[in-house]
Amino acid sequence: NWTVEEKTPGLYTQFDFAWDDLAMPIAGNIGVRYVDTDTLSAGYTRVQQGTTITFPYDQIEGGYSETLPSMNLRIGFIPGKLVGRLSAGKVMARPAPSQLAIRLGRDVIGLTGSRGNPSLLPFLASNFDLGVEWYFDDVSYASLAVFRKEISRFILNQTTPEVNPNDGQTY
């Protein structure tokens, strides 16, 4: 009944660095990813006028652009024995195709319905990690890490009454 197409050209660049000659060696990378997503949601929606039911075809374009930076850092407090790690980055997760679908379905008996939203934006999160690792022999280590994740732009399913303009019923 429906299709969702996505075209996502992207760019990514990363810079790696390492200063192994320092008293506390430092290494890591810094990067940035840019994505520009265009979506096209198309399909048939169910429209009922009295006892007549039709399935008109429609399509809706959408899209978004995101810049997603990232950074990873490793510090050898005691080279080969005690290592600290720090990372930060922005990430995203796209909506499921069914959530982007141009669809509207109504149950005229139960007076319920559901629809997709072609204008949904992706989830976004900023991630921060801090850890320390102690290598107490050649094959064993202990580690302690903390993290913080700040998630934004949640996609929520909502239930709200809606009057169908075709039959005047509240679904």
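The values are calculated or read from the model by the stated rules, or taken from the named source; none is laboratory data. Source: prediction; values computed, not measured. Here the Cβ is made from the backbone with ideal geometry for all residues, glycine too, and neighbour counts use every protein chain on show. Ligands, DNA and RNA are excluded from the accessible area calculation, which covers all protein heavy atoms including side chains. Shrake-Rupley method; radii C 1.70, N 1.55, O 1.52, S 1.80 Å.
Would you say ARG85 is open to solvent by 50 Å² or more (accessible area, probe 1.4 Å), on the phi < 0 side of the Ramachandran plot, of a type outside the set (S, T, N, Q) and at pLDDT below 95? Criteria not met by ARG85. Here the condition is being part of a strand (DSSP E or B), free of Cβ contacts under 8 Å to residues at least 60 places away in the same chain, closer than 30 Å to GLN48 by Cα and not aliphatic (A, V, I, L, M); of GLY113, GLY84, GLY131, it holds for GLY113 alone. Starting from the range 44-67, take each residue that is within 26 Å of VAL91 (Cβ to Cβ) and among the aromatic types (Phe, Trp, Tyr) and list its partners that are surrounded by 15 or more Cβ atoms within 10 Å (Cβ to Cβ) and at pLDDT 80 or above, counting only C-beta distances under 8 angstrom and pairs at least six apart or across chains. Once the first residue is within 26 Å of VAL91 (Cβ to Cβ) and among the aromatic types (Phe, Trp, Tyr) and sits in the range 44-67, its partners that are surrounded by 15 or more Cβ atoms within 10 Å (Cβ to Cβ) and at pLDDT 80 or above give TYR64/THR37; TYR64/LEU121; TYR64/PRO122.
Open to solvent by less than 90 Å² (accessible area, probe 1.4 Å) and basic (Lys, Arg) - does that describe any residue in the range 88-102?
yes
Within the range 30-68, restricting attention to residues that are of a type in the set (Ser, Thr, Tyr) and within 27 Å of LEU130 (Cβ to Cβ), which residue is least open to solvent (accessible area, probe 1.4 Å)? The residue in question is THR67. Looking only at the range 152-168, residues that are in contact (Cβ under 8 Å) with a residue 24 or more places away in the chain and either of a type in the set (Gly, Ala, Ser) or open to solvent by less than 80 Å² (accessible area, probe 1.4 Å) (or both) come to 6 in all.
Among the residues of the range 87-110, just one is outside any strand (DSSP E or B), in contact with an Asp or Glu (Cβ under 8 Å, 6 or more places away or on another chain) and within 27 Å of GLN14 (Cα to Cα), namely ARG94. For the range 137-151, filtering for residues that are open to solvent by 60 Å² or more (accessible area, probe 1.4 Å) and touching a strand residue (DSSP E or B) at 6+ places or on another chain (Cβ under 7 Å) leaves 10. Tell me, which residue of the range 15-29 that is open to solvent by 90 Å² or more (accessible area, probe 1.4 Å) and part of a strand (DSSP E or B) is farthest from SER70 (Cα to Cα)? The residue in question is TRP19. Against the conditions (1) over 30 Å from the mean Cα position of the chain (by Cα); (2) over 18 Å from PRO165 (Cα atoms); (3) part of a strand (DSSP E or B), GLY62 satisfies every one except (1).
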